[in-house]
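Notes to accompany the following structure.
The values are calculated or read from the model by the stated rules, or taken from the named source; none is laboratory data. Since this is a predicted model, take the numbers as computed values, not measurements. Cβ placement follows ideal geometry from the backbone for every residue including glycine, while neighbour counts extend to all protein chains displayed. With ligands, DNA and RNA removed, areas are computed over all heavy atoms of the protein, side chains included. Shrake-Rupley method; radii C 1.70, N 1.55, O 1.52, S 1.80 Å.
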Amino acid sequence: MLLNTYFPPNAPTARRCYDIGVKLARIIGKSPSDLRVAVAASGGLSHFVVDEKLDHKVLKAIREKDAQTLGNLSRGELNSGSSEILNWIMAAGMSEHLDE
């Protein structure tokens, strides 16, 4: 699945990316097949201008399965190439039900 993280007018919000991930995991989980599914997110965290505070916030939220923090990231925080964080947010939504 490819996700448009950057180009208007249809780049999704962080909340929508998380919700898509949750719904994809549910759909896969309902399959009658004995599936093993790998999820890989592509892209970086903040870049062009590195924002360590944002990077740590995102990584902590992913680690702690903090859907509220991830979903509340604003378009302003996800500017330019940093919008690739949306890929990681969708992957976090897909894995929220998993144990470490």
- Query: What is the Å³ per residue value for the convex hull set by the Cα atoms of the chain?
  - Reply: 98
- Amide proton proximity set for residue 73, modelled H, under 5 Å, gap of 5+: none
- Item | Per residue value of the accessible surface for segment 1-93 (all protein chains in place, 1.4 Å probe), Å² | 66
- Calc'd 3J(HN,Hα), segment 60-69, phi into Karplus 6.51 cos²θ - 1.76 cosθ + 1.60 (θ = phi - 60°), Hz, glycine/Pro = x, comes to 5, 5, 5, 4, 8, 6, 8, 4, 5, 4
- Query: Given DSSP loops and a limit of at most 15 other Cβ atoms within 10 Å, what is the longest stretch of the chain that contains no such trypsin sites (Lys or Arg not before Pro)?
  - Reply: 1-29
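For the chain, what's the relative contact order in percent, using C-alpha pairs closer than 8 Å and at least 6 residues apart?
49
Heavy atoms only, probe 1.4 Å: what % of the accessible area of segment 40-100 goes to carbon and sulfur, would you let me know?
53
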